[in-house]
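Have a look at the structure below, then the notes.
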Amino acid sequence: MALVAISPLFSRGVSAIALVMIARFVWRGYLHRSRVRSLKSQGLPILPHSLLFGHLPIFAKFGSIHPPDVNIYVFHTWVVENYREYFPDGHPPPVVYLDLWPFSDSLALVNDPAVASQFTQIKNLPKVAMVKQYIDPLTSGLDIFCTEGQEWKAWRSKLNPGFSVRNLTAIVPDVIQEVVVFANGLEKMAGEDGNWGPVFQLEGRTTNLTFDVICRAVLDMRLHEQSRDKESPLKAALMDQLRLMGIVANVARGRWIGRLPWHWVSVVRNNRTMRNILRPLIQQKLQSGTENLQKSTVVDLAIKVEKDGLGTSNQDLSPKFMDKLIANLKIFLFAGHDTTASAICFTIKLLQDNPQCLKALRAEHDAVLGPDPGKAAEVLTKSPHLLFSLPYTLGVIKETLRLFPLAATIRESHPGFLLTATDSPMKYPMEGFGLWMSSPIIQRHPDHWLRPDEFLPERWTVVEGHPLCPSNKSWMPFSLGPRNCIGMELAVIELKLVLVLTARTLDIKEAWDEWDKKQGHKATPSHMVNGERLYQVGISVVHPKDGMPAHVRLREKSSVTNVD
């Protein structure tokens, strides 16, 4: 009888909860849709907007003509390429409002560098909440990516010395060691007698390389990921954590719910594994001291700055400092390997497609480092400063990052915040929108770049005033302002060394036919963007499609000399 009595009460309770949830859903939808309608009524340029579906029909059209795994950054450039359809009265506005609720919070693509500077430099607005939520399983929000205000400033000052040009130059020999392992590994993948070798995923090798490098730079730990048969416990835990971070509700990709309880169990386990590896290493640094070191890692210098600030030489630092240092080490291990691994792949892709640029690159290496590529590692180990005497090589890297930006900042607005264009009195209200600096649009915008879609490394070597000369304000692969990427100099050093130690000894090409044969029924030959099999994929940071299937052949008999 009790069960019978409870049953109607329970049903009414469930119904009430369901009604509240539905009402909340409808109300949130109304707020998102009405916000954009209000902007339109003010005369602001708005993409065609549905009161019921917002901008989802436009996003659906994009999805219908692109592969399902395409990265969202491709959407940025697609909108601008089709601006005549969506903004028939003129050019794309500097701010493109996007109402994609419930798939995403409201966003605004900012595609003008002067406008972007208003929330990254003139005002340094905080990172948007949804990006911090993505990072949270890895660092619990304790890292410099997620923190704000004085706490961020304090930790940025602790960590900056580890990424100074002076300190990075001191560890160039360590980076060379790892890149030599990478180059020799590629040589082993080459076919015999100058023939192409078997197909492999280049990104897998670049990821192992960049993970080895970031561990050397940050921890002074050599993990030998490139030569291991099995991932180290540190890398295995981090990579599994990145996989779990990607498990978020994403209706556009067919995922209706995010992480489940057993996923969170794995999150805790992975963090415990990484902490158990990193904490003893930090303790060892504390006990051995950081004074009189010929080279210093990020850990060494952060400990030194903390001790100097406290005026102590104690071997123990506060648990709070330890937690934050470990959080920052984890974000460096993530960001320090992920984007650079992809950048190497896209650089090789562009050199493959532009043989005249590859020829010029090789010529510069001959002129600066000598005609024997086998001695390049030895030359640079003795004279690391020569890395800064390769202007065309730097141009190749900058041009790659211009055409294939790998990430872009999204900032949180506040009530009353407005953006203004330099050539228009129009003001763009930003309340309720995430401000997304659109590097993919800005870095290909014809107003800022001559021949914007062409790969032209020489644009970075011409004198000021030349038509090709770029505007540094329009190049932003490492973001702008005080919160730019702390590790950008290390990334450039890695990219230079990869080019120096592979370009003259190897030919590297995409190998899609061989990859399709290897994949069998899993092959996706119809998946292309702008006629290219290699396109940008990934939920957040950009990655190359299928890890960039490639094969290699030898150009020279001379191999890269091991400098271990």
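The values are calculated or read from the model by the stated rules, or taken from the named source; none is laboratory data. Keep in mind the model is a prediction, meaning the values are calculated, not measured. Don't worry about glycine lacking a Cβ; one is built from the backbone with ideal geometry, like all the others, and counts go over all protein chains shown. For the accessible areas, the whole protein counts, side chains as well, though only heavy atoms, and no ligand, DNA or RNA atoms are used. Shrake-Rupley method; radii C 1.70, N 1.55, O 1.52, S 1.80 Å.
Inspect all residues belonging to segment 210-226 and state whether any of them is assigned to a loop (DSSP other than H, G, I, E, B), modelled with pLDDT of 95 or more and in contact with a strand residue (DSSP E or B) (Cβ under 8 Å, 6 or more places away or on another chain).
Checked segment 210-226: no residue is assigned to a loop (DSSP other than H, G, I, E, B), modelled with pLDDT of 95 or more and in contact with a strand residue (DSSP E or B) (Cβ under 8 Å, 6 or more places away or on another chain).
Here are GLY481, GLY432: which of them is surrounded by fewer than 20 Cβ atoms within 10 Å (Cβ to Cβ), under 20 Å from PRO405 (Cα atoms) and touching a Ser or Thr at 6+ places or on another chain (Cβ under 8 Å)?
GLY481
Every residue, every condition in (1) closer than 26 Å to GLU178 by Cβ; (2) modelled with pLDDT of 95 or more; (3) not aromatic (Phe, Trp, Tyr), yes or no:
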position: THR505; (1), (2), (3): yes, yes, yes
position: ASP516; (1), (2), (3): no, yes, yes
position: ALA523; (1), (2), (3): no, yes, yes
position: SER526; (1), (2), (3): no, yes, yes
position: VAL560; (1), (2), (3): yes, no, yes
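I need every pair where a residue in segment 146-173 that is more than 18 Å from ASP300 (Cα to Cα) and at pLDDT 90 or above has its Cβ under 7 Å from the Cβ of a residue that is among the hydrophobic types (A, V, I, L, M, F, W, C) and outside any helix (DSSP H, G or I), sequence separation at least 6 or different chains.
TRP152/ILE144
Which residues, counting only those in segment 27-63, are touching a residue at least 60 places away in the same chain (Cβ under 8 Å) and of a type in the set (Val, Ile, Thr)?
VAL36
Please identify the pairs in which a residue from segment 510-532 that is without any contact (Cβ under 8 Å) to a residue 40 or more places away in the chain has its Cβ atom under 8 Å from the Cβ atom of a residue that is small (Gly, Ala, Ser) and surrounded by 12 or more Cβ atoms within 10 Å (Cβ to Cβ), counting only partners at least 6 apart or on another chain.
Once the first residue is without any contact (Cβ under 8 Å) to a residue 40 or more places away in the chain and sits in segment 510-532, its partners that are small (Gly, Ala, Ser) and surrounded by 12 or more Cβ atoms within 10 Å (Cβ to Cβ) give ASP516/ALA523; LYS517/ALA523.
Looking only at segment 227-253, which residues are assigned to a loop (DSSP other than H, G, I, E, B) and free of Cβ contacts under 8 Å to residues at least 40 places away in the same chain?
ARG228, ASP229, LYS230, GLU231, SER232, ILE247, ALA249
Out of THR400, THR381, report the one residue that is touching a helix residue (DSSP H, G or I) at 6+ places or on another chain (Cβ under 7 Å), β-branched (Val, Ile, Thr), touching a residue at least 24 places away in the same chain (Cβ under 8 Å) and open to solvent by less than 10 Å² (accessible area, probe 1.4 Å).
Only one candidate qualifies: THR400.
Is there a residue being on the phi > 0 side of the Ramachandran plot and not in a helix (DSSP H, G or I) anywhere in segment 488-506?
Looking through segment 488-506, none of the residues is on the phi > 0 side of the Ramachandran plot and not in a helix (DSSP H, G or I).
So in segment 309-355, with the set limited to residues that are basic (Lys, Arg) and closer than 24 Å to ALA408 by Cβ, which one is modelled with the highest pLDDT?
Among those residues, the one meeting the criterion is LYS349.
If the Cβ limit is 8 Å and pairs must be 6+ apart or interchain, which residue in segment 64-82 that is under 22 Å from PRO45 (Cα atoms) pairs with which residue that is buried (at least 19 other Cβ atoms within 10 Å of the Cβ) and of a type in the set (Lys, Arg)?
Every condition considered, the pairs that remain are THR77/ARG444.
Quick check, is GLN201 touching a Gly at 6+ places or on another chain (Cβ under 7 Å) and at negative phi?
yes
Checking the condition of a type in the set (Lys, Arg) and exposed (fewer than 13 other Cβ atoms within 10 Å of the Cβ), which residue from ARG84, ARG37 passes?
ARG84
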